[in-house]
Structures are given as C-alpha cells and as structure tokens.
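Accompanying notes for the structure given below.
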Amino acid sequence: MKKYAVFGNPIKHSMSPLIHTYFAKSLNIELTYEAILGNIGKFQIEAGGFLKKGGLGFNITLPFKQEAFNLAETRSDIAEITGSVNTISLKKGRVHGDNTDGYGFIKDIKNNIGCNLESKKVLLLGAGGAAMGIIPNILYERPFELKICNRTLEKAKKLCNKFSDLGKLDIVEMQDTENYKFDVIINSTSAGMSNSDFSLPVNFFKDNTVCYDLSYGIATNSFKNWADKNNLIFYDGLGMLLEQAAESFYIWESKRPLITDELKNILKAKL
Ligand code: ATR
C-alpha cells in the first residue's frame, strides 16, 4: 500500500487526511495518508524515518516548513524562492521539496472566486511563514502593487527585501494616511479569534474590496467580523487548502483530483 502523511505540531485538527483519502478514493487509488505529530527538534529524523520505512511523500504544516526545505535534496523553483516546503516527494529516489501553497491561493482566488490580481492594489496583512509562502505567486500575477502591513515592522521590511526583485513590493503602516483603497486585502496573520478589536483604517478599503483570509473556521473570526461590519465580500482559505492539496496529490500520483461540492461540504461540516 502506498504511504503518505502530513507532519505538523499541532496536527490533530488537520483536514489533510480526509482530503487526500477522498481524492484517492475518487481516482480509485489505494493509499494511506496519516496525520503525524512531529516532535520539535526531531523533524529531520522523524520525517526521514517515514521515507525510510517506505513512505512515498508527505505534506508539512506548521512549524516544520523550513525544516522540510532543509530536508529536501532537490527543490522546485517556487520552493527555492519561498524558502519553505509543504510537499515532499521522491524523485528518482531523491527527496524533493515543493511548495503548493502559493499555487493553491492563486488558483482559488483567480479561478474559483474570479478575482484576478493583475493590475490590482493588493494589501497583505502579516509577515510570517504563511505570507512568505504566497508572496512570489502574488507578484507573478503582476498586481499594480503589493503592500505588506505587519505588527512588527521589521519583519515586513525583511520580506520586502527578500522578494523585491520579483515585483512592486513595499510596506505600509496602519497610521499611513494615503488614500490606498486596496482592491484586495489578504489576511495571513494568526491573530484569528484572539483579536476581536481587529480594524483597518478607512483609507485602506472601498465598497468592493475583496477580503481573503488564508485561514478557515474560527481562526477567521476577527477579519471576517470586520469585513462583515463593513459590508465587504469575504472568503476564507478553505478553497486554498483544497487546491494546494490537489496540487500535492498531483505531484505524488500524476493524477489531478476533482474538488467536488461534496468534499467542500464535508470540510465545512467539520469547521
Ligand atoms: P504563520 O506561519 O501562520 O504565518 P507566523 O510565522 O508565526 O505564523 O506569523 C504569524 C503572523 O501573524 C505574524 O505576521 C504576526 O505578527 P508579528 O510579526 O508582529 O508577530 C501576526 N500576528 C499574530 N498575532 C497577531 C495579533 N494579535 N495582531 C496582529 N498580528 C498578529
């Protein structure tokens, strides 16, 4: 039996096993996909051990995406550029690292939602690992501009420096008074439900600003509540989760699974 997995810490609430076993069933492929709680500081040994015991590949979620980057012997271009890996596969016997997060985000916002980022003014909230994973793909869409706003300014500046040669990228601060009126606002922070007083200044948005949270479930509460209060259209990251998973599945099995309404509804019921 083919063996796949997802490594993370915490991992209990991961929906990846459900998604990948659904994909496999729909394509008549026999495989197992388990959620593995990785121990901090032991990722290289544990993940390497999974492959040695016959595992064909795995996904990686928080906090191991950079360690997965280091584990990989070869990497895709996007993994090299983002500096993080969410999919490990075996390519000619070598451990290969890829990152399907940015692909999944663009596929969802562009193809599923119908929001093309080309020539748009885009604001990205947060400058952590999740932000890092999608910035290159956003810039490849050639937005008019991409601004990063983060609680810790230094981290936003670092990301700007890292990716500045890929497109027009800059920082913005909450107190900036310029009339930005962003077309799209993406939340990549983990502020989630903890930050009930989440708010953005009026010069940051307009009537038809599209809000997208990379998280899903209760983790979207603060951003979603703010968007609702301001009558802005809001999307959570469930579509992105499914699209990045489908792309990982394709990397492993060379077959593209269909993302059905049935699967979406199963996931929604779990939130
Ligand atoms: P991830 O990999 O999910 O991005 P991370 O690397 O820990 O996780 O980054 C979390 C992001 O959420 C950071 O941008 C963080 O801001 P700081 O860089 O200032 O720490 C942001 N964040 C977390 N809690 C927040 C809060 N309560 N308000 C605003 N930003 C918050």
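Details
- For the range 159-201, the square roots of the Cα gyration tensor eigenvalues, ordered a ≥ b ≥ c, give a/c of at least 1.5 with a/b no greater than b/c, which places it in the oblate category.
- Distance from the range 228-271 to the range 1-69 (C-alpha centre basis), Å: 18
- R0 of 22 Å, Cβ-Cβ distance Asp176-Asp197: FRET efficiency to nearest 0.05: 0.70
- Share of carbon and sulfur in the accessible heavy-atom surface of the range 103-236 [1.4 Å probe, %]: 46
- Neighbourhood charge, 14 Å Cβ-Cβ cut-off, centred on Lys65 and excluding it, Lys, Arg +1 and Asp, Glu -1: -3
- Seen through its C-alpha gyration tensor, with square-root eigenvalues sorted a ≥ b ≥ c, the range 87-165 comes out oblate because a/c lies at 1.5 or above while a/b is not bigger than b/c.
- Net charge of Cβ neighbours under 11 Å - reference Thr82; Lys, Arg +1; Asp, Glu -1: -1
- The range 103-236 - charge dipole about Cα centre, Lys and Arg +1 at Cβ, Asp and Glu -1, debye rounded to 20: 200
- Using 0.36 nm per residue and subtracting the Cα-Cα separation, the extra length available between Asn9 and Lys264 on full extension is 89.4 nm.
- Near Glu34, once Lys and Arg are set to +1 and Asp and Glu to -1 for all other residues with Cβ below 14 Å from its Cβ, the sum equals +3.
- Under-5 Å amide H pairs with Gly237, H placed in peptide plane, nonlocal only: Asp213, Ser215, Tyr216
- Calculated FRET efficiency for the pair Glu73/Asn28, C-beta based, R₀ 41 Å, to 0.05: 0.85
- Square roots of 5 times each gyration tensor eigenvalue, C-alpha, the range 103-236, largest first, Å: 20, 17, 15
- Where both bridge residues fall in the chain, DSSP classifies roughly 20% of the beta bridges as antiparallel.
- Full-extension gain in nm, Lys52 to Leu153, via 0.36 nm per residue minus C-alpha separation: 32.1 nm
- The sum of -39500 (n - 2.57) across all DSSP H runs of n ≥ 4, divided by the residue count of the chain, sets its helix-only mean residue ellipticity at 222 nm to -10500 deg cm²/dmol.
- If you take the Cα centroid of the range 205-224 and the Cα centroid of the range 99-151, the two points sit 14 Å apart.
- Straight-distance candidates among the aspartates and glutamates for linking to Lys264, with alpha-carbon spacing under 19 Å and chain neighbours fewer than 8 residues away dropped: Asp101, Asp108, Asp213, Asp236, Glu243, Glu247.
- Surface accessible to a 1.4 Å probe, per residue, for the residues of the range 8-75, Å²: 54
- The chain: equivalent-ellipsoid semi-axes (sqrt of 5 x gyration tensor eigenvalues, Cα, Å): 32, 20, 17
- Residues of the range 103-236: accessible area per residue with a 1.4 Å probe, Å²: 49
- Anisotropy class of the range 2-91 from Cα gyration tensor, a/c 1.5 cut: prolate
The values are calculated or read from the model by the stated rules, or taken from the named source; none is laboratory data. Not measured: the values here are computed from a predicted model. In this analysis, Cβ positions are derived from the backbone assuming ideal geometry, glycine residues included, and neighbour counts consider all displayed protein chains. Note: areas computed on protein heavy atoms with side chains; ligands, DNA, RNA excluded. Shrake-Rupley method; radii C 1.70, N 1.55, O 1.52, S 1.80 Å.
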